[in-house]
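Heads up, the thing below is written out as structure tokens.
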Amino acid sequence: MNTAQEENKSEIQRLLDNNKNWAEKTQQEDPEFFSKLEKQQTPLYLWIGCSDSRVPANQIVDLMPGDVFVHRNVANMVVHTDFNCMSVLQYALDVLKVKHIIVCGHYGCGGVQAALDGDSFGLIDNWLMHIKDIAKANADELEKLEYHDRINRLCEMNVLEQARHVRETSVYKDAIARGQTVKLHSFIYSLSNGRITVLERDE
Ligand SMILES: [Zn+2]
């Protein structure tokens with residue numbers, strides 16, 4: 001094996017070693033942990049967040065496996081024609097019957113910045129068109145801001161817009177119509193201090 005191959009192997013071996021240690025530690029702390037989770041998952045929350053490696057859903061709200069149903073994509077978007085996101089939403093509402101849907105963005109989002117800068121990264125440019133539309137619709141407000149503030153304000157606007165998209169879906173409307181209790185929350189996370197700010201939420 002050459003050096004590059006060895007490095008490659010150790011990068012992955014690290015994960016497998018971590019996993020083994022974590023599974024052993026978790027089982028020691030709660031011998032029933034895996035057998036309980038194996039039987040069913042009953043998460044209270046659906047999390048729709050950004051794929052950014054710095055915003056891991058469970059970790060930043062200190063939840064365990066089984067606690068949160070997660071969908072992540074670039075720039076935490078809810079696109080009505082995205083079969084993936086819609087399926088997650090439908091399953092979370094109809095089958096898991098989550099009580100809360102959280103759309104969580106983050107300041108300094110690379111997807112939002114790329115949309116604002118008009119940089120080209122390939123296929124993803126098309127995905128980011130949705131954010132460009134939000135920027136266009138709010139151009140008057142955004143233009144008044146300094147660059148850094150403009151990105152962060154657009155990050156906030158994007159979260160609020162995606163939460164609105166959740167509310168407009170047929171699956172969400174159907175759940176409300178049949179009397180299901182589900183609250184929608186718009187969160188934004190700060191990479192600089194690890195704190196979440198609530199932008200909007202159902203009472
Ligand atoms: Zn992001």
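Structure data summary
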item: Carbon/sulfur fraction of accessible area - the chain, other protein chains in place, 1.4 Å, %; result: 50
item: The chain: proportion of alpha-carbon pairs further apart than 27 angstrom, %; result: 41
item: Over segment 18-77, relative contact order from alpha-carbon pairs under 8 Å, at least 6 apart, %; result: 35
item: Accessible area (Å², per residue) of the chain, counting only protein heavy atoms and a probe of 1.4 Å; result: 60
item: From the C-alpha gyration tensor of segment 1-108, square roots of 5λ in Å; result: 29, 22, 13
item: Lysine pairs in the chain with Cα atoms under 20 Å, if 8 or more residues apart or on separate chains; result: 12
item: For the chain, built as a Gaussian network whose Cα springs stay under 10 Å, the top-fluctuating residue of V79, V171, V95; result: V95
item: Fraction of beta bridges assigned by DSSP in the chain that are antiparallel (%, nearest 5); result: 20
item: Dimensionless Rg/Rh of segment 100-203 - Kirkwood Rh, Rg from C-alpha atoms; result: 1.02
item: Estimated D of segment 49-93 in µm² per second, where Rh is the Kirkwood radius over Cα pairs and Stokes-Einstein applies at 4 °C, 1.567 mPa s; result: 114
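The values are calculated or read from the model by the stated rules, or taken from the named source; none is laboratory data. The model shown is predicted, which means the values in this text are computed figures rather than measured ones. Note: areas computed on protein heavy atoms with side chains; ligands, DNA, RNA excluded. Shrake-Rupley method; radii C 1.70, N 1.55, O 1.52, S 1.80 Å.
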